[in-house]
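My questions all concern the structure below.
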Amino acid sequence: MSVLPYTHFTLEERKYLQKLLEEGLSGNKIAAALGRSPSSISRELKRNSSKNPKKPTNRANYHHWRAHSLAMMRRRDHRRTALPPESFKRDYVCRGLSLFWSPEQIANRLREDFPGQIVGTSTIYRYLRRGDLPGFSRKTHLRRRGKRKVNRSSNYNTIQPDRTVLEWPAEIAQRTVIGHFEGDSVLGKPGTGGILTFVDRASRYLFAAKIDSKAAEPTRKAIVKLLKDVKVRSITLDNGCEFAQFRQIEEKLDTLVYFAEPHKPWQRGTNENTNGLLRFFFPKGCDFRAVSQEALDSVVDLINSRPRVYLKTPNAPGQRTFSRCAAPFFLEIRQYSCEKMSCSARKFLAAGHITSFQIHPDHYINFFLFVQANFLAVLPVDC
């Protein structure tokens with residue numbers, strides 16, 4: 001029988017092993033019968049045989065129930081020490097949680113930053129559930145999911161759009177170019193205003209600004225002010241009445257506005273997901289009168305600094321890595337406009353040996369605008 005890839009012994013295997021031992025078979029024959037290597041059989045007998053001075057050999061002291069219990073206790077004890085106190089991995093996990101990263105983001109980023117250092121997402125969840133990471137809990141540091149279903153009337157859509165997502169060109173649908181945004185509003189306690197959010201579909205970079213009212217005119221003014229320095233190729237909105245002046249927005253920003261179909265938020269999934277991240281910091285019922293633009297900017301900076309599952313380190317020639325502090329911003333440069341760049345910038349970006357550099361948070365928006373102005377086609381690298 002061929003030897004299978006290693007897996008832990010099951011109770012049925014241990015029961016069969018005990019039967020073969022009682023029949024007096026050799027270790028090699030037992031290994032062949034179980035489809036295991038001889039060393040696995042020897043290790044199983046050494047580790048999980050009881051200690052009885054009247055029976056000096058491991059063969060005589062082996063019982064399947066006792067062996068299985070010892071193995072399970074050993075595995076449980078090992079799981080309790082997966083993140084030992086004052087260890088590097090524990091410090092890394094706590095640092096990630098303090099930045100409100102998810103366990104998946106922490107585990108993947110640790111593997112990316114320090115090859116060979118591995119911690120599973122289930123381990124982080126388990127430590128949080130048991131309270132083994134003082135100062136951190138699922139309620140305070142992990143994003144909560146789930147929404148109550150709201151029944152809306154059939155005449156909810158009060159906007160007659162000029163174009164919908166069904167008319168998206170391939171450039172928008174495939175996320176190949178920076179500058180195509182999804183927009184929405186996040187509201188708090190009635191009468192206290194809210195937040196306008198715009199997320200670039202290609203880079204997932206978030207822009208946000210406070211609004212004092214959901215009325216169409218102040219919303220239009222806030223959108224124009226927020227995006228006036230950005231080349232906006234298109235905006236995709238939901239059907240909220242605050243976006244009723246979308247034609248004026250098109251004129252001011254020299255762009256096209258698309259609308260999602262009513263009751264289909266997944267057509268603007270990137271924006272909806274980002275709004276969920278914002279809701280972690282500004283839950284429903286929040287009084288936005290007590291939230292300053294500076295506080296909002298700090299939260300936006302945290303969100304833009306999160307590691308992203310869909311971004312990975314590029315390996316192929318012609319790719320560059322743009323990192324923002326601890327968070328990677330990986331783009332594959334397909335084509336860039338050399339005549340728009342200075343000689344030094346052109347030489348710097350064209351150098352094949354350069355694979356990454358750091359962007360300080362204070363300068364990231366300028367870097368975003370620089371990339372948008374100089375690169376004709378920029379594509380996130382999918383995992």
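With respect to the cross-link table entries 231/252; 214/284; 139/284; 139/210; 189/210; 210/264, which display a Cα-Cα separation exceeding 19 Å?
139/210; 210/264
Sticking with this one: When the Karplus curve 6.51 cos²θ - 1.76 cosθ + 1.60 is applied with θ = phi - 60°, which whole-Hz ³J(HN,Hα) does each residue of the range 215-228 get, with x for Gly and Pro?
5, 5, 5, x, 5, 4, 4, 5, 5, 4, 5, 5, 10, 5
Hey, another quick one. Taking the Cβ of residue 237 as the center, what net charge do the other residues with Cβ under 10 Å away carry, scoring Lys and Arg +1 and Asp and Glu -1?
-3
Then there's this: Once amide H atoms are built 1.01 Å from N in the peptide plane, which residues 5 or more positions from residue 237, or in another chain, come under 5 Å H to H?
The answer is 183, 258, 259, 260.
Using the Cα gyration tensor of the range 88-141, with a ≥ b ≥ c the square roots of its eigenvalues, what is the shape: rounded (a/c below 1.5), prolate (a/b larger than b/c) or oblate (neither)?
The shape class here is prolate.
Can you check what the net charge comes to around residue 165, using other residues whose Cβ is under 14 Å from the Cβ of residue 165 (Lys, Arg +1; Asp, Glu -1)?
-3
Here's something else I'd like to know. Once phi is turned into θ = phi - 60°, what whole-Hz ³J(HN,Hα) does the Karplus curve with 6.51, -1.76 and 1.60 give for every residue of the range 279-290, x standing for Gly and Pro?
Rounded to whole hertz, the list is 5, 4, 8, 10, x, 4, x, 5, 8, 6, 5, 8.
Follow-up. Residue by residue through the range 11-28, which ³J(HN,Hα) values in whole Hz follow from phi under the Karplus form 6.51 cos²θ - 1.76 cosθ + 1.60 (θ = phi - 60°), with glycine and proline marked x?
Ordered by residue, 3J(HN,Hα) equals 4, 5, 5, 5, 5, 5, 4, 4, 4, 5, 5, 5, 7, x, 6, 6, x, 5 Hz.
For residue 189, what charge total do you get from the other residues with a beta carbon under 15 Å from its beta carbon, if Lys and Arg give +1 and Asp and Glu give -1?
For residues surrounding residue 189, the net value is +3.
Quick note: the coordinates plus some simple rules give every number you see, no bench work behind them. If you're wondering where the values come from, they're calculated on a predicted model, not measured in any experiment. Counting neighbours? That spans all protein chains shown, and the Cβs are built from the backbone with ideal geometry, glycine included.
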